[in-house]
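A.B. asks: Dropping a structure here in structure tokens format, bear with me for questions.
The values are calculated or read from the model by the stated rules, or taken from the named source; none is laboratory data. Predicted model, so just to flag it, every value in this text is computed and none were measured. In this analysis, Cβ positions are derived from the backbone assuming ideal geometry, glycine residues included, and neighbour counts consider all displayed protein chains. Protein only, heavy atoms only, side chains kept; ligands, DNA and RNA dropped before computing areas. Shrake-Rupley method; radii C 1.70, N 1.55, O 1.52, S 1.80 Å.
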Amino acid sequence: MNSLSTKHQPPTTFPATRLRRPRMAAWSRELVAETRLHPSDLILPVFVQEGKNRESLVESMVDISRITIDVLEKKSKSASQLGIPAIAIFPVVDKKLKSPMGDEALNPKNLACRAIEAIKSAAPDIGVIADVALDPYTTHGQDGIVEKGQVVNDKTVEMLCEQALVLAKAGCDIVAPSDMMDGRIGAIRNSLEREKFHDTMILAYAAKYASGFYGPFRDAVGSGLALGKADKKAYQMDVRNSREAMREIALDISEGADMVMVKPALPCLDIIHMASQRFDLPIFAYQVSGEYAMLKAAAKHGWINGDAVMLESLTAMKRAGARAIFTYAAMEIARQLHD
Ligand code: PBG
């Protein structure tokens, strides 16, 4: 027992090891914390609608409204002041403007483009992210062009390239293809380069699952009603797979993605972790509408402590390896973190 080699090994047994020691005081917990959530980790998604000075509540999402562009301008300023680095916009497109092909997506004066321009002039320091996908614009609510009951890949990709260019021309800093078509990252990258948008970033929704947690989002933008009983399983990923997610991510990286998204977030902590161990580019996570709705609805009933579970969820995403997180709670969490 007295041999040098054992004497100098760190003691491992009780009472030498009491893992509670550093947990005893708030200051020492701070000192040993491995993960810290900061306002600069957060991205604020917003639903934008036509009109003036109007906010209409999304029923399934406590405290979240669709807002008009003038309200969005004020919101971008406050988000910027709170240290939130970027806003992601999601347009609520007028039914009259929807079509089977989703042509309104290519209109350079559409709601999304006007929202991007408005944010850029109201709060020039905040980054603007916009989805590249056709679902807000199609009468059927699918993310692409439908032929014979299927979303057709290559024709959809051509539209998405045009849509990405329209968004980039409006001033969008990061285009975020959320459609899960094959080959779209490379095609969009080529289009952007060809048109001299060398600095427009691509955030690829690389591992986007066919999830039930998108329900409230589809209520908010009105694609749920259009979609009806249909689903997106022919292009979004099967929840049962994780290795396939790594293939999706590897492909998107090789095609020119600057960062990749895993979505939804809390049901996919394993995917976030696996991706962050394997790849060196930033992995983003999206705390989606259904995750937000669950926490907020339970908190509203007084069944859980809303602030605590929100902070816990977001911290867990960061611990798993997410570099930044899309969350509808970005503003309130940033405020909480500043206090
Ligand atoms: C559209 C899109 C969706 C979300 C982001 N972009 C919905 C979908 O794929 O049906 C979901 C976001 C959320 O639920 O908060 N392609």
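A.B. asks: For Leu57 and Val239, what does the FRET efficiency come to when R0 = 30 Å and r is the distance between their Cβ atoms, rounded to the nearest 0.05? Present the calculation step by step, with values, prior to reporting the outcome.
C.D. replies: Working: r = 30 Å, r/R0 = 1.00.
Computed FRET efficiency for Leu57 and Val239: 0.50.
A.B. asks: Which ³J(HN,Hα) values, rounded to whole Hz and listed in residue order, are derived for region 278-288 from phi using the Karplus coefficients 6.51, -1.76 and 1.60 in 6.51 cos²θ - 1.76 cosθ + 1.60 with θ = phi - 60°, glycine and proline given as x?
C.D. replies: 8, 10, 9, 8, x, 9, 9, 10, 10, 6, 7
A.B. asks: For region 38-338, rounded, prolate or oblate, judged on the Cα gyration tensor with a ≥ b ≥ c (square roots of eigenvalues), a/c < 1.5 rounded, else prolate if a/b > b/c?
C.D. replies: On the way: a/c = 1.27, a/b = 1.12, b/c = 1.13.
Rounded, because the longest to shortest axis ratio a/c is under 1.5.
A.B. asks: Convert each backbone phi in region 203-217 into a coupling constant with the Karplus relation 6.51 cos²θ - 1.76 cosθ + 1.60 (shift: θ = phi - 60°), then list the ³J(HN,Hα) values in order as whole Hz, x for Gly and Pro.
C.D. replies: Coupling constants for region 203-217: 9, 8, 6, 7, 10, 10, 8, 6, 10, x, 7, 8, x, x, 4 Hz.
A.B. asks: Shifting gears a bit: Find the accessible area per residue for the chain; the probe is 1.4 Å, ligands and nucleic acids are left out, and the unit is Å². Before the final figure, lay out the partial values.
C.D. replies: Numbers: 16830 Å² over 339 residues.
Value for the chain: 50 Å² per residue.
A.B. asks: Under the rule of at least 5 residues apart or a separate chain, name every residue whose amide H is placed under 5 Å from the amide H of Val132.
C.D. replies: Ala176, Ser178
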